[in-house]
1. Hey, what angle do you get for helix 21-49 against the long axis of the chain, alpha-carbon based, 0 to 90 degrees rounded to 10?
2. Based on DSSP H runs of at least 4 residues, each adding -39500 (n - 2.57), what is the mean residue ellipticity at 222 nm of the chain after dividing by all its residues, to the nearest 500 deg cm²/dmol?
3. Exactly which trypsin sites (Lys or Arg not before Pro) in region 5-65 are in a DSSP loop and have at most 10 other Cβ atoms within 10 Å?
4. Candidates (i) 6.7; (ii) 7.8; (iii) 5.0; which is the computed mean projected area of the Cα convex hull in nm²?
5. So, with +1 on the Cβ of K and R and -1 on the Cβ of D and E, and no other charges, what is the size of the charge dipole of the chain about its Cα centre, to the nearest 20 debye?
6. Using only the alpha-carbon atoms, how far is helix 52-79 inclined from the longest principal axis of the chain? Give it as 0 to 90 degrees, nearest 10.
Amino acid sequence: MSAVSTIWDLSSIYFARENDSSQYQNIHIFLTGIRGIITPILGYFILKLTSFKIVFLVSTSLFLISSLGMSRLFDEYKNS
């Protein structure tokens, strides 16, 4: 688990390149906090309106979309 923490801290430095990495880290932590506030509430409402299967289908779909987005971002980053 300590490797995850280290990678979390180093990722903003990696993506910042020559820019100020503290701004990247601030934005990353802010968006993670927003996600932590919004998604449990959204998941609760989806569960109340539908079923467990739909909640898992929505979360799996979002995971796949984000994985494809990260793959595309990685290819663009690698080619730049």
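1. Value to nearest ten degrees: 10.
2. Estimated from H runs of four or more residues: -31500 deg cm²/dmol.
3. Listed in order of number, the matching sites are Arg17.
4. (i)
5. In total the dipole reaches around 420 debye.
6. Once rounded, one gets 20 degrees.
A short reminder: the numbers here are calculations on the coordinates, not readings from a lab. Just so we're clear, the structure is a prediction, and the values are computed from it rather than from any experiment. When we count neighbours, we look across all protein chains shown, and the Cβ atoms used for this are built from the backbone with ideal geometry, even at glycine.
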